[in-house]
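The values are calculated or read from the model by the stated rules, or taken from the named source; none is laboratory data. Here the structure is a predicted model, which is why all the values come from computation and not from measurement. Quick note on the areas: whole protein, heavy atoms, side chains included, nothing else; ligands and nucleic acids left out. Shrake-Rupley method; radii C 1.70, N 1.55, O 1.52, S 1.80 Å.
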Amino acid sequence: PVFVTTSTTTDFPDLAKRSGGEEAIANVFAVSALKAPFGTAAVKKESDIFTRSFPNEPTMSFSLMGMSGAYAVVEGLKRAGPNLTRESYLKALETLNGTPAGPAACDIKFSATQHEGCRDMTVWTSVGGKPADIGRTWRKK
């Protein structure tokens, strides 16, 4: 059988360990909102930030999940300016159109009617004991 799971299983080395080894997860695929697995070149900056900030924590792809949202929050706050109100913040968020979102699979894009931020996902599986991005899916840009 083939299993397609959520982003909570993108840490394939841990999944293999808990499931009985690589063979047990040979047909497991996970949908991820990240553009690449932890520690790879595509998310090196974010991986380094996490490792430096939390040196005693285990490192895994799931460690980067909240970082993309933080990029949106910070950029929205910057654009809202010093006289922050709920309205000015929401207006500022709606100007994020193609703003980089760190480790996210796509850039941040908000509007008055679209508040999802990032609609792209990638599909990962385990290759050689490591998470591997096998391509984009879901909605196209």
Report summary line: Under a 1.4 Å probe, counting only protein heavy atoms, S111 has an accessible area in Å², nearest 10, of 40
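Multiplying the sequence separation of L84 and E23 by 0.36 nm and subtracting their Cα-Cα distance, what value in nm do you get?
Gain in length upon complete extension: 16.6 nm.
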**Report entry** Surface share of carbon and sulfur [accessible, 1.4 angstrom probe, percent] for the chain
**Finding:** 59
Query raised in the report: Which whole-number percent is the relative contact order of the chain (Cα, under 8 Å, 6+ apart)?
Result: 27
Report task. Under 13 Å Cα to Cα from K91, which aspartates and glutamates show up? Leave out anything in the same chain fewer than 8 places away. Result -> E75
**Report entry** Average accessible area per residue (Å²) across the chain - probe 1.4 Å, nucleic acids and ligands excluded
**Finding:** 60
Query raised in the report: Using helices alone, what [θ] at 222 nm do you get for the chain, with -39,500 (n - 2.57) per DSSP H run of 4 or more residues, divided over all residues and rounded to the nearest 500?
Result: -9000 deg cm²/dmol
**Report entry** Read-out Cα extents along the principal axes in Å, derived from the coordinates shown; its label in [x] 45, 35, 27; [y] 55, 35, 22; [z] 76, 35, 27
**Finding:** [y]
Query raised in the report: Between the range 66-105 and the range 26-43, what's the alpha-carbon centroid distance in Å?
Result: 24
